[in-house]
Each structure stands twice: as C-alpha cells, then as structure tokens.
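What follows draws every value from the coordinates through simple rules; no lab data is involved. Bear in mind the structure is a predicted one, so any value in this text is a computation, not a measurement. Cβ atoms come from the backbone with ideal geometry, glycine included; neighbour counts cover every protein chain shown.
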Amino acid sequence: MAGSNLRILVVGAGIAGLAVARALRLAGFRPEVTERLPASRAAGVGIYLPGNAERALREIGLDGPVRPLGQVIGRQRFCDMQGRELCEVDLGKLWAGVGECRALPSADLHQVLLTGAGGEVRYGTEIRALDVGRETVTVTFGDDRQAEYDLVIGADGRHSAVRTLAALGGPPRPAGQVVYRSIVTGGPRIAEWTGLLGERAAFVVVPMGAGRLYCYADEAGTDLPVDPLARVRELFDGYGGPVPAVLDAVERVHVTRTDEVQLGRWSRGRVVLVGDAAHATAPTLSQGAAMALEDGVVLARALCRSMTVPEALSGYESRRRPRIKWVLDRTRDRDRTRDVPPALRDPLLRDRGGRIFQEHYRLLVAPA
C-alpha cells in the first residue's frame with residue numbers, strides 16, 4: 001500500500017504520534033494529526049534515550065537534528081545510597097553498532113519530532129466517538145464534526161481515549177511507583193548517568209550538557225504527595241554522592257504515578273494503538289520513547305508491505321508483541337532488584353550487577 005491514498009488519522013502529538021506521522025509521510029502517506037491538549041503546553045523535564053531510540057530516529061531520518069542536542073552518555077554508574085559504586089555498564093560497548101545514548105530536554109526532542117512530522121497538528125481537538133466499521137472508521141470530534149478514515153491510530157498515551165472508545169481496554173493499572181522528575185541548573189558537575197539505590201527508592205542524575213542535569217527519582221507506592229519538592233528532599237535526605245548538592249539546586253519537581261497498560265489486542269477493525277496507549281510500563285529501563293519510536297517505524301513498514309489494512313495491523317502487532325513483553329518483563333525484573341533489601345542486593349550487584357543490567361537490553365540490540 002506504499003504511497004496509497006489511505007485516509008489516516010493519528011490521535012496524539014506526543015512522541016508516539018509524531019514518530020508514526022513522520023514514518024508514514026516518509027512512506028508516502030499523508031496522515032492527519034490531532035492533539036487534545038493546546039499547542040502551548042510545555043514539557044519541562046528531561047529524557048534519556050538508549051541506543052535503540054537513536055536507531056529508530058535514524059530510520060525516520062531525524063537522528064541528525066537530535067545529534068547536536070543534549071549530551072551523549074557513555075556509562076551508567078550504579079551506586080549504593082552513600083554514593084559508593086556497585087557496578088557500571090559501558091554503554092558504548094552495549095549499544096555498539098546500534099546508536100549512542102543521549103540525555104536531553106524532552107521539549108527539544110518534541111520539537112524535532114514536530115518539525116519532522118510535517119503537516120499541521122490540530123491542537124485542542126478531542127475525539128468523542130468512534131464508529132468502527134468493516135472498511136472505515138467514522139470519527140466524531142468534540143465539536144460534533146464527523147469524518148471517515150481508513151485507519152485511526154491511537155497515540156494518545158496511557159489514558160488513551162481511543163483505547164476506550166474502540167473497546168480495546170480501560171484505564172491503566174497502577175504499577176506501584178511514584179516518580180519525580182526535574183531539570184536542574186547550577187548543580188554539581190556530573191559526567192555520566194549516575195544512579196543511587198536505596199530502600200525501595202532510587203535517585204538518578206544524568207547530564208544533559210550546558211550545565212543542566214536531568215534528575216529522576218522514584219519510590220514504591222501510589223499516593224502522590226501534596227508538596228513533591230518537600231517529599232523528594234525528605235525521601236533522599238541522608239543519601240550521599242551528588243544527591244545533597246542536587247537537592248540544594250532543585251527548584252521544581254514534576255510528580256506522576258506510574259501506570260501499566262497490558263492489552264489482549266492492540267487493534268479492532270481499522271483502529272490500532274501505538275506507544276503508551278498500547279503498552280505503557282514503568283520508566284525503569286528508559287524504553288518508553290524508544291518503544292514509541294520503534295512502533296512508528298514498524299507500523300509504517302507493515303502498511304507499505306501489506307495488501308490490506310487488517311493484514312498490516314496484524315503484522316505490526318505480531319512483530320512488536322515479543323519485544324514489548326521483553327521490556328515489561330525486564331522492567332519488572334529491575335524493579336524487583338531495586339526493592340531487595342540493600343544488605344542482600346548490594347553485594348549481589350557488586351559481584352555481577354553489570355552483567356545483570358546489560359542482560360536487560362539483550363533483545364533490544366537487535367533491530368525492531
């Protein structure tokens with residue numbers, strides 16, 4: 001179906017939606033893109049992209065615009081809560097031949113994807129109903145306007161409206177983590193990804209260049225604090241390494257509850273889900289953006305190689321499911337490792353932590 005006149009609607013203008021729109025345009029399609037939120041929304045946190053994310057960006061021709069942004073990360077250092085090293089991972093060796101690992105502001109990545117997607121994004125546009133027929137999908141928008149499409153792609157995140165309206169699944173399930181994110185300037189000088197593991201909590205600092213640090217922290221639980229900044233300072237009080245200096249420099253903290261999405265199927269008729277709408281996990285492996293980018297590449301490829309839309313959607317899902325399951329299983333493995341009492345966990349990681357953490361990415365080194 002390469003270069004066909006398929007009427008395609010992409011719902012969601014985050015990483016997944018813009019990546020699939022870019023991949024589709026490169027394949028000769030002309031998708032429409034809508035976004036429920038207004039265009040003025042700002043992403044005020046950072047993002048860490050492993051090597052397979054850069055490979056996916058390369059496949060849609062956007063690795064060049066991303067290359068000057070942020071900072072390349074060559075090594076991960078895992079430490080105990082006092083800042084003493086437990087183990088390390090050589091990221092250059094792990095992702096050799098795949099791509100560089102990079103940390104950058106989320107807003108910078110979003111702007112590259114937005115520019116690369118081409119076409120206009122209709123912001124402030126809600127989807128109110130989907131009538132899924134055999135050959136088309138009738139979409140009712142929030143202003144009661146209706147339009148018919150040959151394919152609707154739900155890229156609208158963990159709390160996907162498309163997922164609900166297409167009867168593919170309900171709300172996400174809490175994964176049992178509260179996550180804190182911040183961008184810090186004026187903090188300590190840090191050269192590599194540095195994570196400190198405590199008692200069912202972790203604090204990660206990643207340099208993004210130009211004196212900026214991306215800070216990610218999590219704790220087991222589901223209750224969101226009233227004052228996230230105060231909670232982070234309380235939770236990580238007593239940690240060593242760079243944490244005290246980072247906490248002194250933190251001014252604002254973004255807090256979220258981590259959710260998981262697991263579905264029996266990702267498509268119904270001519271509606272399909274990509275990214276977090278289909279398979280959200282905890283961010284422990286930093287694979288959310290990578291999986292969303294890969295989804296766009298594989299879906300566009302399937303549409304080009306298939307004779308019909310249903311055939312393409314079936315091929316897309318069968319190709320992606322084993323990889324997504326690997327990410328979910330390894331994410332849970334790493335979270336369980338983090339939650340082992342330090343007296344048992346830390347000697348294990350000193351002995352073979354590097355091998356354990358590298359193994360989590362083994363399947364992902366292969367192409368999507």
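Details
- Residue (of L235, A167, F203) at the positive-pole extreme of the range 167-286, dipole from beta-carbon charges: A167
- Helix 342-359 axis, angle to the chain major axis (alpha carbon atoms, nearest 10°): 40
- The charge dipole of the range 31-90, taken about the Cα centre with unit charges on the Cβ atoms of Lys, Arg (+1) and Asp, Glu (-1), comes to about 140 debye, rounded to the nearest 20.
- Cα centroid separation, the range 195-244 to the range 75-136: 20 Å.
- Over the chain, dividing the summed -39,500 (n - 2.57) contributions of all DSSP H runs of at least 4 residues by the number of residues returns a 222 nm mean residue ellipticity of -11000 deg cm²/dmol.
- q = 0.14, 0.15, 0.23, 0.24 Å⁻¹: log10 I(q)/I(0) that the Debye formula gives for the range 25-80, counting C-alpha atoms only: -0.66, -0.74, -1.14, -1.15
- All-pairs Cα distance distribution in the range 1-155, expressed in whole percent, bin size 5 Å: 2, 8, 15, 17, 15, 13, 10, 8, 5, 4, 2, 1, 0
- For the range 122-193, GluC sites (Glu not before Pro) are listed when DSSP marks them as loop and at most 10 other Cβ atoms sit within 10 Å of their Cβ; the list is E135.
- Annotation: amide H-H contacts under 5 Å for G157 (H modelled 1.01 Å from N, sequence separation of 5 or more, or interchain): D276, A277.
- For the range 291-368, Kirkwood radius (reciprocal of mean inverse C-alpha pair distance, Å): 14.6
- The convex hull built on the alpha-carbon positions of the range 129-178 has an orientation-averaged projected area of 4.3 nm².
- Converting phi to 3J(HN,Hα) with the Karplus coefficients 6.51, -1.76 and 1.60 and the offset θ = phi - 60°, the range 150-157 yields 7, 7, 10, 10, x, 10, 9, x Hz in sequence order, with x at every glycine or proline.
- Rounded to the nearest 10 degrees, the angle from helix 106-117 to the longest Cα principal axis of the chain is 20 degrees.
- As a ratio to 2.2 N^0.38 Å, the alpha-carbon radius of gyration computed for the chain takes the value 0.99.
- Antiparallel DSSP beta bridges within the chain, as percent of all bridges there, nearest 5: 75
- For V253, the residues whose modelled amide H falls within less than 5 Å of its own, excluding neighbours fewer than 5 places apart on the same chain, are L229.
- For the range 82-87, 3J(HN,Hα) per residue [Karplus equation, 6.51 cos²θ - 1.76 cosθ + 1.60, θ = phi - 60°, Hz, x = Gly/Pro]: 7, x, 7, 5, 9, 6
- From largest to smallest, the equivalent ellipsoid semi-axes obtained for the range 113-269 from the alpha-carbon gyration tensor read 41, 19, 13 Å.
- Debye, to nearest 20: dipole size of the chain, +1 on Lys, Arg Cβ, -1 on Asp, Glu Cβ: 800
- Averaged over residues, the count of other Cβ atoms within 10 Å places the peptides 195-202, 235-242 in the sequence 195-202, 235-242, highest first.
- Rounded to whole Hz, the Karplus (6.51, -1.76, 1.60) HN-Hα couplings of the range 305-315, x for glycine and proline: 8, 9, 8, 9, 5, x, 4, 5, 5, 5, x
- Degrees separating the helix 15-26 axis from the principal Cα axis of the chain, which is the longest one: 50
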